[in-house]
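Heads up, the thing below is written out as structure tokens.
The values are calculated or read from the model by the stated rules, or taken from the named source; none is laboratory data. These numbers were taken from a predicted model, which means no experiment stands behind them. Glycine gets a Cβ as well: all are built from the backbone with ideal geometry, and neighbour counts include every protein chain shown. Accessible surface is based on the protein model in full, side chains and every heavy atom, while ligands, DNA and RNA are left aside. Shrake-Rupley method; radii C 1.70, N 1.55, O 1.52, S 1.80 Å.
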Amino acid sequence: LTDGGDPSWMGMVHPDDREATERDLERALKGETPYDIETRMVRRDGTVLNMRALAEVSRGPSGEPLSIIGVLHDVTDVRRQGRELIA
């Protein structure tokens with residue numbers, strides 16, 4: 001999963017979702033909200049996947065973010081089944 005440019009996970013986020021994903025990450029790092037989002041990611045072959053990202057921010061003594069660790073769940077099939085039920 002990468003667009004060949006940005007090697008970070010944010011480089012894999014669909015261009016149309018990147019701004020919202022970055023905003024949600026910033027809010028989580030500030031401690032405003034938990035990091036539990038759904039976003040689209042693009043594989044090298046152009047395949048678009050629906051991903052749910054869950055992460056926990058570790059904080060220092062004064063509340064500053066030290067690290068963030070999380071998981072990505074591929075929910076593409078779940079979303080596709082939901083769309084098929086509606087159609």
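So which of THR33, THR39, THR21 is open to solvent by less than 30 Å² (accessible area, probe 1.4 Å) and either aliphatic (A, V, I, L, M) or not in a strand (DSSP E or B) (or both)? Talk me through it step by step, then tell me what you get.
Numbers: THR33 fails: open to solvent by less than 30 Å² (accessible area, probe 1.4 Å); THR39 fails: either aliphatic (A, V, I, L, M) or not in a strand (DSSP E or B) (or both).
Matching residue, one of THR33, THR39, THR21: THR21.
In the list ARG44, ARG59, which residue meets the criterion of being surrounded by 10 or more Cβ atoms within 10 Å (Cβ to Cβ), closer than 14 Å to MET12 by Cβ and in contact (Cβ under 8 Å) with a residue 12 or more places away in the chain?
Residue meeting the stated conditions: ARG44.
So is LEU49 in contact with a Leu (Cβ under 9 Å, 6 or more places away or on another chain), open to solvent by 50 Å² or more (accessible area, probe 1.4 Å) and touching a residue at least 12 places away in the same chain (Cβ under 8 Å) or not?
no
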